[in-house]
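Any read-out appearing in this document is the output of simple, stated calculations on the displayed coordinates, not a laboratory observation. Note that this is a predicted model, so its numbers are computed, not measured. Ideal geometry is used to build each Cβ from the backbone, glycine not excepted, and the neighbour counts take in all protein chains shown.
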């Protein structure tokens, strides 16, 4: 076949009258896939990803059984393959000029990657995420979303572990950050132990709480083993962590807080500066509530509380009739209030049913009196514990909540503080150290305040039992208050409460502090620490800005009124946002002090997420993938901070 060549004029006129590309459908169907390249430091990939998440815990079981040995070998081979596949996601990139190297991870389809991480971050499984993205592709006719499956989602999540850790490392390394703190605890779920670590840091004036990592633990859970694991992780994440660490928060378990070889003790010795040790106050309050409850009739009252709940939870006919089930006994003693509230709310139905079906299980009248009398105290404690579980809570605010609780209980039971001299009036019940006492008449009035059922139950007792009940309630109240008075977050090297109060970090505290006192009692304590990362000029500006803040508070009515509205629930960021510009250095310094985590509530929240994600249907999920799920949940926050 012969083809005729068009002339130049004919070629030019060939396209005349044709629609422009901007007016065609192809202009709006972007089939290209923008990619994202992430650069990650080699220590994160090799030490954290390649080692801590894939350590071999099945070298030798000591079992001569061939089947068992074969199963172990199969499991080890599977883990080795998982590690190889995970490491393939990261490509080594050498800088020829410097001789150093990093790793890169490329997400070839940005839109699909971002959407997948959004879905996983709200709790969707990998398969659900893949299906949801495919449905979105079909409904929106978006070709960019094609090709998604659960394997790609899992790979993306694993990459996000390294990416998230790299972003956190950048945040901690930022010049605005002179201090950061840690909070950690261990937990076992479905036969696998994890150590969860969180951090709080003041990044460019913004105080932020972050999940750091949930590391699988393959060795015995000794303080030394956990310490070596954490040091290895921190060295890989941010080698200069010893110079910036300012606080470590934990529960009161001996492995964590032991004065000689506890994890916190070992971490504190490793740090370059004085590290504030925090024993989570909700855990301390839990111990106080347990001790106080077990003092009532030598523990018989609380034993009946839980025995009765076990009986009621097994009564299906009662549950069907009431359409509600008695709360389960929880590990936290503060949850005792939920059970007592149930008993009070459904008292008539419970008594009627138990009397008809099993009278031996029915609690006595004196038990009901105690239950009604003690329940308000437990309710007040529960309210405070909810307040103490705020992840944005500061140490000073935490102390205010506890003192407020003590004040409420003191009023509730009409507790009097005395000097202990000649305190033997028969009209009072005194605490063992003679520092507190309660009038018997006040306890009787308290019982009567709980309603007619409590009054009738009390009046039905003989005089001996009445006296015993009043005494038990009084001792309970004073034991509880004395225990709460001893609750203190900051601990010394012997894990005993520190005498000094938490450093002032809120504007409402600083405006009422004389500049000279601030310099002497606050800045001087941390001057060596802060000057490692802030210039001497900027440290001097901290002093000057504090003087200006005090002056502004006195002279500016608007600022004065705004600061006066702050309460013990005002967050650090909200408190400082009311100020005009010009206080960046003071805010950064205060933020470093405020970075000390007041409790381990956020760690326990992580464990709740872990147990939710690692359910019976996902028991074989890779540890790296599980950590990736945590990172998806805070990805938007990290991106917003760094951009």
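With 10 Å bins from zero, work out the P(r) of segment 389-542 over every alpha carbon pair and list the percent per bin.
Reading upward from the zero bin: 9, 25, 24, 18, 13, 7, 3, 0.
Starting from the 7 Å offset along Cα-to-Cβ, what nm value, one decimal, do you get for the label separation of residue 75 and residue 347?
Each label point lies 7 Å from its Cα, and together they span 5.4 nm.
Using 1/(1 + (r/R0)^6) with R0 = 22 angstrom and r between the beta carbons of residue 328 and residue 290, what's the FRET efficiency to the nearest 0.05?
On the way: r = 17 Å, r/R0 = 0.77.
Plugging the Cβ-Cβ distance into 1/(1 + (r/R0)^6) gives 0.85.
Once fully extended, how much extra length lies between residue 140 and residue 517, figured as 0.36 nm per residue of separation less the alpha-carbon to alpha-carbon distance?
129.4 nm
Counting pairs of alpha carbon atoms under 8 Å apart in space and at least six apart in sequence, what relative contact order in percent does the chain give? Could you put the intermediate results ahead of the total?
On the way: 859 pairs, mean separation 117.4, N = 643.
The value is 18 percent.
Debye sum, Cα scatterers, segment 284-485, no solvent: what log₁₀ I/I(0) at q = 0.10, 0.11 1/Å?
-0.45, -0.54
Testing the spin-label approximation: label points 7 Å from Cα along Cα→Cβ at residue 461 and residue 448. State their distance in nm.
Label-label distance for residue 461 and residue 448, simple model: 1.6 nm.
Identify the residues of segment 433-474 with backbone N under 20 Å of a label point that sits 7 angstrom from the Cα of residue 362 along the Cα-to-Cβ direction, or state none.
Inside the label zone: 452-462.
Once you place label points 7 Å from the Cα toward the Cβ at residue 108 and residue 55, how far apart are they in nm?
Inter-label distance under the simple model: 3.6 nm.
Suppose the chain between residue 118 and residue 643 were pulled fully straight at 0.36 nm per residue; how much longer would it get relative to their current alpha carbon spacing?
Values: separation 525, 0.36 × 525 = 189.00 nm, distance 1.80 nm.
That pair, residue 118 and residue 643, stretches by 187.2 nm at full extension.
What is the extension gain from residue 427 to residue 320, computed as 0.36 nm multiplied by their sequence separation minus the C-alpha to C-alpha distance, in nm to one decimal? Don't skip to the end; give the middle numbers.
Values: separation 107, 0.36 × 107 = 38.52 nm, distance 4.81 nm.
Using 0.36 nm per residue and subtracting the Cα-Cα distance, I get 33.7 nm.
So what is the relative contact order for segment 334-438, in percent, with contacts set as C-alpha pairs under 8 Å and at least six apart? Show your work: numbers first, answer last.
On the way: 64 pairs, mean separation 20.8, N = 105.
Result for segment 334-438 is 20 percent.
In percent, how large is the relative contact order of segment 148-306, given Cα pairs closer than 8 Å and 6 or more residues apart? Each step should come with its number before you reach the end.
Numbers: 200 pairs, mean separation 26.8, N = 159.
Reported as a whole number, the value is 17 percent.
How would 189, 623 line up from fewest to most surrounding beta-carbon atoms within 10 angstrom?
Working: 189 14, 623 21.
The fewest-first ordering by Cβ neighbours comes to 189, 623.
If you average the alpha carbon positions of segment 103-153 and of segment 173-243, how far apart do those two centres end up, in angstrom?
30
Suppose we keep just the DSSP beta bridges with both residues in the chain; what percent of those would be antiparallel, to 5? Walk me through the numbers before you get to the answer.
Working: 40 of 48 bridges.
In the chain, approximately 85 percent of DSSP beta bridges are antiparallel ones.
What is the calculated FRET efficiency for residue 561 to residue 535, with r their C-beta to C-beta distance and R₀ = 51 Å, to the nearest 0.05? Intermediate values should be presented prior to the final figure.
Values: r = 35 Å, r/R0 = 0.68.
After rounding, the FRET efficiency stands at 0.90.
Between residue 435 and residue 383, take the C-beta separation as r, use R0 = 25 Å, and let me know the FRET efficiency to the nearest 0.05.
Values: r = 26 Å, r/R0 = 1.04.
That gives a FRET efficiency of 0.45.
What list do you get for 298, 286, 584 if you sort them by fewest beta carbons within 10 Å? Intermediate results must be reported in sequence, preceding the final value.
Working: 298 9, 286 20, 584 17.
If I rank by nearby Cβ atoms, fewest first, I get 298, 584, 286.
Rank these for me by crowding, 555, 399, 46, going from fewest to most other beta carbons within 10 Å.
Details: 555 9, 399 19, 46 15.
Taking fewest neighbouring Cβ atoms as first place, the list is 555, 46, 399.
Separation of segment 432-484 and segment 275-313 by C-alpha centroid, Å?
Distance between centres, Cα-based: 19 Å.
When ranked by the protection proxy of mean other Cβ atoms within 10 Å per residue, highest first, what sequence do the peptides 451-457, 73-79 form? Numbers along the way, then the final one.
Numbers: 451-457: 15.6, 73-79: 12.4.
Taking the mean over residues of other Cβ atoms within 10 Å, the ranking is 451-457, 73-79.
What 222 nm value per residue comes from the helices of the chain, counting each DSSP H run with n ≥ 4 as -39,500 (n - 2.57) and dividing by all residues, nearest 500 deg cm²/dmol?
Details: 29 runs with 342 residues, N = 643.
Calculated mean residue ellipticity at 222 nm is -16500 deg cm²/dmol.
Rounded to the nearest 5, what % of the DSSP beta bridges within segment 182-293 are antiparallel ones? Working shown, then result.
Values: 19 of 25 bridges.
Roughly 75 percent of the DSSP beta bridges within segment 182-293 come out antiparallel.
Over every pair of different alpha-carbon atoms in segment 507-594, take the mean of 1/r and invert it; report that Kirkwood radius in Å.
After inverting the mean inverse Cα-Cα distance, the result is 13.3 Å.
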